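Asks: Sharing a structure with you now.
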Amino acid sequence: MSNDHLPEFPAGFRFGAATASYQIEGAVHADGRGPSIWDTYSHTPGLVLNGDTGDVACDHYHRYAEDVELLRRLGVDAYRFSVAWPRVLPTGAGEVNQRGLDFYDRLVDALLEAGITPTATLYHWDLPQALEDAGGWRVRATAEHFAAYTRIVADRLGDRIRHWITLNEPFCTAFVGYAVGRHAPGAREGTPALAAAHHLLVAHGLAVRELRAAGAHEVGITLNLDRVLPASDSEADRAAADRAETLHNRVWLDPLFTGAYPANEAETWGELADGSYRRDGDLEIIGQPLDFLGINYYRPIKVADGPWEEADPARRTAVDIRAPEQRFEGVRHTAMDWPVVPGSFTDLLLDLTERYPDLPPILITENGSAEHDTVSPDGRVHDADRVAYLNDHLHALAAAIRAGVDVRGYFVWSLLDNFEWAFGYERRFGIVRVDYDTLERLPKDSYFWYQRLIEHHRARHGG
Ligand code: GBH
């Protein structure tokens, strides 16, 4: 294969792969781990496709050495994983479970031994169940517990972890978890979901303080930013897109990078936003300077003005923004039924840097696609659609960088096929296939393509 059409990146650009604890670890009862909201949710009949749970997942907890070897052969500079709060603090607070921390200690040492930079996410959705029982993210105490947990992890691993990500996609926790109900804890509430959004931002800010105090190298947060498009040029549709943009992007970006909640908040939430959960001084906690912004990008969304009842019931939230999602015509859709529009990735990044002049450097902390993979008679997975998705999105990213956007690295989602939340094991995002009967790993064509891209980059720039 020729290298003619491989996307090219500036010297110093970093390549990585990403995963998350509940999606890959399994071993949910090992070494004193406590239950998380995802154990409860996945064990509730009818909530996860095919009744799948994370009980075994990829058994990464026991097979991490093999997975680090896959990363080493892939040639990545960095690996993004998440720390499971209920392994470190089985009830979310109180007594520290050293055996849980020992696992991450072993993992980090294995990564460093392989020449791979660890990037740790402190919260990728597995809240200790005991904290949910006490109100979860609806209550401020959870933010304070998160800060204490952060300090414990940073004290143990901070000498070896270079990049820290406080939260992964607070949008999903607040809105998919507490308003749509398609993620744990499966609540469908209005005002409490908005309180959760605020408490997550406060938790982030408190954790930044703890990480700085512990001498952390680089600190950021990961947001899932959606490129939001209006269904038409009409004023009504553009206003709907504006509300959707607030729900998805601005409610996070504005307090983080402008020091204020978005101006169209009242218009977006209506009377649901009673503001009672906000305190003086919170915006200072939330808006502390960051070393990088992590962005997970998958697809654009298109919305029209209209009653929320017209939204796909699976997507409709208890937070009524009157902007039902529309389907994209004439473009390929992935196995998630997500439209493939790589140019939207460039546009999102360009818009973002224009709108937020004080943005720190960007890391793409997730990007990838679920496809209908099969093992061919030759024993391989020829995932041409995934290769095309990655190739096109990396070209779109390179174009944004050429246009001046400061992006320092890219993590593919995901190293392994894994527990895709409400879709269980049926949706495969890995560049490595996992056979869920034998737990064998099988690198797909996309793994070898990504390996070649990294080699090509090194050949041009050295390192
Ligand atoms: C990421 O979320 C996650 O960080 C990762 O764990 C996951 O495996 C990966 O993407 C692939 O999905 O219709 O209201 O139920 C991606 C962004 C946004 C996707 C919310 C699911 C559900 C919206 N997510 N979306 S809803």
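The values are calculated or read from the model by the stated rules, or taken from the named source; none is laboratory data. Keep in mind it's a predicted model, so treat the numbers as computed, not measured. Because the Cβ atoms are built from the backbone with ideal geometry, glycine has one as well, and the counts that use them run over all protein chains shown. Surface areas here come from the heavy atoms of the whole protein model, side chains and all, with no ligands, DNA or RNA. Shrake-Rupley method; radii C 1.70, N 1.55, O 1.52, S 1.80 Å.
Asks: Need pairs with beta-carbon distance below 6 Å; first residue farther than 16 Å from Ser414 by Cβ and within segment 437-463, second open to solvent by 70 Å² or more (accessible area, probe 1.4 Å); sequence gap 6+ or separate chains.
Replies: Sorted first by the residue in segment 437-463, then by its partner, the pairs are His461/Ala11.
Asks: Among the residues of segment 244-264, are any more than 18 Å from Leu352 (Cα to Cα) and in a helix (DSSP H, G or I)?
Replies: First, pick out the residues of segment 244-264 that are more than 18 Å from Leu352 (Cα to Cα): none.
Looking for residues that are more than 18 Å from Leu352 (Cα to Cα) and in a helix (DSSP H, G or I), one finds none in segment 244-264, hence no.
Asks: Separate question: Quick one: which of Thr44, Thr40 is part of a loop (DSSP other than H, G, I, E, B), surrounded by fewer than 24 Cβ atoms within 10 Å (Cβ to Cβ) and among the polar types (S, T, N, Q)? If you could, list the steps in order and put the result at the bottom.
Replies: Values: Thr40 fails: part of a loop (DSSP other than H, G, I, E, B).
Exactly one residue qualifies, and that residue is Thr44.
Asks: Before we move on, is Arg14 open to solvent by less than 30 Å² (accessible area, probe 1.4 Å) and modelled with pLDDT of 95 or more?
Replies: Working: open to solvent by less than 30 Å² (accessible area, probe 1.4 Å): no; modelled with pLDDT of 95 or more: yes.
So Arg14 fails the test.
Asks: Considering each residue of segment 423-436, count those that are open to solvent by 10 Å² or more (accessible area, probe 1.4 Å) and either within 10 Å of the ligand (Cβ to nearest atom) or of a type in the set (Asp, Glu) (or both), and give that number. First the steps, then the outcome.
Replies: As a first pass, look at segment 423-436 and keep what is open to solvent by 10 Å² or more (accessible area, probe 1.4 Å): 423, 425-428, 433, 435-436.
Retained after the next criterion (residues that are either within 10 Å of the ligand (Cβ to nearest atom) or of a type in the set (Asp, Glu) (or both)): 423, 426-427, 435.
Number of matching residues: 4.
Asks: Still on this structure: How about segment 54-159: which helices (runs of 4 or more DSSP H) wholly inside it have at least 1 residues that are surrounded by fewer than 24 Cβ atoms within 10 Å (Cβ to Cβ) and not hydrophobic (A, V, I, L, M, F, W, C)?
Replies: It comes to 60-74, 98-113, 129-133, 141-157.
Asks: So how many residues does segment 175-196 have that are aliphatic (A, V, I, L, M) and either closer than 19 Å to Pro45 by Cα or within 11 Å of the ligand (Cβ to nearest atom) (or both)? Steps first, please.
Replies: To start, the set of residues in segment 175-196 that are aliphatic (A, V, I, L, M) comprises 176, 179-180, 184, 187, 193-196.
Going one step further and asking which of them are either closer than 19 Å to Pro45 by Cα or within 11 Å of the ligand (Cβ to nearest atom) (or both), we end up with 176, 179-180, 184, 187.
Matching residues across segment 175-196 total 5.
Asks: Moving to a separate point now. Of all residues in segment 268-301, count the ones that are of a type in the set (Lys, Arg) and more than 21 Å from the chain's Cα centre (by Cα).
Replies: Here is the first cut: in segment 268-301, the ones of a type in the set (Lys, Arg) are 278-279, 299.
In the following step, the residues that additionally are more than 21 Å from the chain's Cα centre (by Cα) were identified as 278-279.
Result for segment 268-301: 2.
Asks: Residue pairs, Cβ under 6 Å, 6 or more apart or interchain, first in segment 73-96 and under 30 Å from Arg458 (Cβ atoms), second assigned to a loop (DSSP other than H, G, I, E, B) and not polar (S, T, N, Q). List them.
Replies: Tyr79/Ile116; Ser82/Ala20; Ser82/His124
Asks: Just for segment 437-446: of the residues that are open to solvent by 10 Å² or more (accessible area, probe 1.4 Å) and charged (D, E, K, R), which one is nearest to the ligand (Cβ to nearest atom)? Walk me through it before giving the result.
Replies: At the first step, the residues of segment 437-446 found to be open to solvent by 10 Å² or more (accessible area, probe 1.4 Å) are 437-443, 445.
Filter again for charged (D, E, K, R), leaving 437, 440-441, 445.
Details: Asp437: 22, Glu440: 21, Arg441: 18, Asp445: 20 Å.
Step by step, filter segment 437-446, then rank; the result is Arg441.
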